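Reading through the structure tokens given below for one structure.
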Amino acid sequence: QIIIYDSEVTFDVDDSAIAKYLSNDLPYELSSDDVFITCGCTQAIDVSVALLARPGANILLPRPGFPIYELCAAFRQVEVRHYDLLPEKGWEVDLDAIEALADQNTVALVIINPGNPCGNVYTYHHLEKIAKTAKRLGTIVIADEVYGHLAFGDNPFVPMGVFGSIVPVLTLGSLSKRWIVPGWRLGCTPRVRHVPVSDAHRCPAPHL
């Protein structure tokens, strides 16, 4: 059977099944209320940025990264601030740059793991450092994990949601990459509620 883009195709999506599946990799249980279904991950990105947008807001994006984030931020009038990935350290996040770029108007730190376009997979310890940095800065983490579990090499994939006890995490995922079904435009944004946003976010809390 050939899977193609078709405006006539619809899906009956069981968000409780998605929550159950994603919970397999987490130290706590997600519920169907934690999962927001979107038309592909591109819409999930736009919805996430739209929820966080407010006058004067800025968002921290990786460089190199996925250009849809810049497009969505520009459309929502959210300032983009780029932090570099470090090739000499396996494309890890430059945490010193994050500290220098963030201010009281920073609404989110975006990470892409596994990396696009660099193909890197972050270690548990690096993700933990990212979580602690975001907590210290009072912002949330948007974790783009559309390539989750498509990890090659020595580092196993670790979902950012594992660190939901440290910082609020909004995870972006989709069917098309992980299960290699590009015609199935289905994305999701499971939210981690293990830590209330108000406990770790100094900006007005988004309606996640």
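The values are calculated or read from the model by the stated rules, or taken from the named source; none is laboratory data. Here the structure is a predicted model, which is why all the values come from computation and not from measurement. So basically every Cβ, Gly included, is an ideal-geometry build from the backbone, and we count neighbours across all protein chains shown. SASA here: full protein model, heavy atoms, side chains in, ligands and nucleic acids out. Shrake-Rupley method; radii C 1.70, N 1.55, O 1.52, S 1.80 Å.
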- Excluding same-chain residues fewer than 8 positions from Lys20, which aspartates and glutamates have a Cα within less than 16 Å of its Cα? Glu29, Asp33, Asp34
- Query: What lysines sit close enough to Lys132 to cross-link, taking a C-alpha to C-alpha distance under 25 Å and skipping anything fewer than 8 places away on the same chain?
  - Reply: Lys89
- With all protein chains modelled, accessible area of His125 [1.4 Å, Å²]: 120 Å²
- May I ask you to derive the FRET efficiency for Arg136 and Ser31 from their Cβ-Cβ distance with R0 = 41 Å, giving the value to the nearest 0.05? 0.90
- Task: Once every Cα of segment 2-179 carries one equal point scatterer and solvent is ignored, give the base-10 log of I(q)/I(0) from the Debye formula at q = 0.08, 0.14 Å⁻¹, two decimals.
- Result: -0.24, -0.77
- Query: Of all GluC sites (Glu not before Pro) in segment 8-89, which ones are in loop regions per DSSP and have a Cβ with at most 11 other Cβ atoms within 10 Å?
  - Reply: Glu8, Glu29
- Task: Provide the solvent-accessible area of Asp154, counting protein heavy atoms only and rolling a 1.4 Å probe, rounded to the nearest 10 Å².
- Result: 150 Å²
- Which length gain, in nm to one decimal place, applies between Glu88 and Leu150 when the Cα-Cα distance is subtracted from 0.36 nm times their residue separation? 20.1 nm
- Listed residues Glu99, Glu145 arranged by accessible area, highest first, probe 1.4 Å: Glu99, Glu145
- Message: For Cα pairs less than 8 Å apart in space and 6+ apart in sequence, what is the mean separation divided by the residue count of segment 2-179, i.e. the relative contact order in percent?
- Response: 18 percent
